[in-house]
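Here is the structure we will look at.
The values are calculated or read from the model by the stated rules, or taken from the named source; none is laboratory data. These numbers come from a predicted model, not from an experiment. Virtual Cβ from ideal backbone geometry, glycine too; neighbours counted across all protein chains shown.
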Ligand SMILES: [Zn+2]
């Protein structure tokens, strides 16, 4: 952020306070808040889980559903909506597992939600290249990813 969100003037980077930058004209402050992102571990009642991948992923590696939370939407509501949009599946929220920071994306605050499939028809949406529901397999997930972290948590519960 280089310019004031209120009046458009240049922000002062050397502000000495809680805010990261402050407007040189109107004193508007920018706090550089993290962006809340929901990430969803989706299980089924048959010991399967939902896998999602993009074309640019390493070969045979999958992730899970994630997406930005809309204004006026809870993390749990965003979880159900994102799963529906990316995969066509309907889910119910089982539990909110709290937050985690990604090493690769330090500006995002990930909120981990566990959902269970209860309907819908599996079909890749606009934000996913491939979707799959298959038996649980840690090897399919990117090592060190939040998706892997969530699966391990699920298995250890
Ligand atoms: Zn300003």
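State yes or no: is residue 80 away from the ligand (no atom under 16 Å from the Cβ), at pLDDT 95 or above, in contact with a strand residue (DSSP E or B) (Cβ under 9 Å, 6 or more places away or on another chain) and more than 23 Å from residue 157 (Cα to Cα)? No; evaluated as a whole, the condition is false for this residue.
Within the stretch 28-35, not a single residue is in contact (Cβ under 8 Å) with a residue 60 or more places away in the chain, away from the ligand (no atom under 16 Å from the Cβ) and touching a helix residue (DSSP H, G or I) at 6+ places or on another chain (Cβ under 6 Å).
Looking across the stretch 50-77, the residues that are in contact with a strand residue (DSSP E or B) (Cβ under 6 Å, 6 or more places away or on another chain) and farther than 16 Å from residue 128 by Cα come down to 69, 75, 76.
Among the residues of the stretch 133-143, those identified as assigned to a strand (DSSP E or B) and more than 11 Å from residue 64 (Cβ to Cβ) are 133, 134, 135. Does residue 12 count as in contact (Cβ under 8 Å) with a residue 12 or more places away in the chain, loosely packed, with under 14 Cβ neighbours inside 10 Å and either within 16 Å of the ligand (Cβ to nearest atom) or not assigned by TED's automatic domain parsing to the domain that holds residue 113 (or both)? Judged against the criteria, residue 12 is not a match.
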